[in-house]
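Peer 1: After the structure tokens below, expect a handful of questions from me.
The values are calculated or read from the model by the stated rules, or taken from the named source; none is laboratory data. Source: prediction; values computed, not measured. Don't worry about glycine lacking a Cβ; one is built from the backbone with ideal geometry, like all the others, and counts go over all protein chains shown. Each accessible area value is taken on the protein alone, full model and side chains, heavy atoms only, with ligands, DNA and RNA left out. Shrake-Rupley method; radii C 1.70, N 1.55, O 1.52, S 1.80 Å.
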Amino acid sequence: MATATTVERFGLSPLIRFTLLSLYLALVLPLPLLAHAALRGWMAAGLLLGLLLVVGLLSERVETDSEGIRVLYPIWIRWLFRRGWCMAWNDIRALVPVGTSQGGTVYYLKAANRKHQLLPQRIERFEQFLTLLQERSAVNTRGIGRLTPPWTYQLLAVLAMLMVVGEMLATLAVNQEWISLPAGFPG
């Protein structure tokens, strides 16, 4: 696809990125602290490697230009996970809705060659992206919304941050011997 014209870039929504990173940290931060002393270094290294992988997965970006749409990842992670995809505007024939098990709806871009690609619904400036999609491909995007309403990610972010704060306070309390761990507890 040529990029002679202006390229519009859409990254993952900052709210979603922050929420998923916070959730990852909330779930794995206590692990090195709970591990036996001999394993703490390995656990911390695993935590950092996992964080790198999560950041890589959350680095997906969508690019559009006069030729079409591309979904891709940075080179440093592309070789490991997904390579992305591209579709020319004139190949897009329809948007196919598919219900999810959680009650939401995802959409697939149906191409002339019968290939389907998942419509990115978790990107920043989603409404602008839908406008570009409708203008350049002639598919109707009215009625298409985000996969999940923002309040769900906001709530999950608050809960994840509360978990991190609670874990930090519990660690501080144990380290300062304000509370004691039960006999036989690792650490």
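Peer 1: Taking the alpha-carbon set of the stretch 115-187, what are its Rg and Dmax in Å?
Peer 2: According to the Cα coordinates of the stretch 115-187, Rg and Dmax are 22.9, 67 Å.
Peer 1: Here's a follow-up. Take the Cα atoms of the stretch 3-93, find their three principal axes, and give me the spread along each one in whole Å, biggest first.
Peer 2: Taking max minus min along each principal axis of the Cα atoms, the stretch 3-93 gives 59, 26, 23 Å.
Peer 1: If you don't mind, there's one more thing I want to ask. Which distance in nm do the two modelled labels at residue 151 and residue 113 give, with both placed 7 Å along the Cα-to-Cβ direction?
Peer 2: The modelled label-to-label distance comes out at 4.3 nm.
Peer 1: Which whole-number percentage describes the relative contact order of the stretch 70-160, with Cα contacts under 8 Å and a sequence gap of 6 or more? Don't skip to the end; give the middle numbers.
Peer 2: On the way: 94 pairs, mean separation 18.7, N = 91.
So the answer I get is 21 percent.
Peer 1: So what is the accessible area of the chain per residue, in Å², with the probe set to 1.4 Å?
Peer 2: I get 61 Å² per residue for this part.
Peer 1: When all alpha-carbon pairs of the stretch 70-111 are counted, what percent fall beyond 14 Å?
Peer 2: Cα-Cα pairs of the stretch 70-111 separated by over 14 Å account for 62 percent.
Peer 1: Given charges of +1 on the Cβ of Lys and Arg and -1 on the Cβ of Asp and Glu, with all other atoms neutral, how large is the dipole of the chain about its Cα centre, in debye to the nearest 20?
Peer 2: In debye, rounded to 20, the chain gives about 580.
Peer 1: May I pose another question? Before anything else, pin down the relative contact order of the stretch 1-136: Cα pairs under 8 Å, at least 6 apart, normalised by residue count, whole percent.
Peer 2: 24
Peer 1: Could I ask something else about it? Report the dimensions of the stretch 51-165 along its three principal axes from the alpha-carbon atoms, largest first, rounded to Å.
Peer 2: 50, 34, 25
Peer 1: Run the numbers for residue 57 and residue 76: contour at 0.36 nm per residue of separation, minus the present Cα-Cα distance, in nm.
Peer 2: That pair, residue 57 and residue 76, stretches by 5.7 nm at full extension.
Peer 1: Let me ask something else about it. How much length would be gained if the chain were fully extended between residue 15 and residue 162, taking 0.36 nm per residue of separation minus their Cα-Cα distance, in nm to one decimal? Walk me through the numbers on the way to the answer.
Peer 2: On the way: separation 147, 0.36 × 147 = 52.92 nm, distance 1.64 nm.
Residue separation times 0.36 nm, minus the Cα-Cα distance, leaves 51.3 nm.
Peer 1: Another question, then. Can you give the extra length, in nm with one decimal, that the chain gains between residue 180 and residue 134 once fully stretched, where that is 0.36 nm per residue apart less the Cα-Cα distance?
Peer 2: Between residue 180 and residue 134, full extension yields an extra 10.4 nm.
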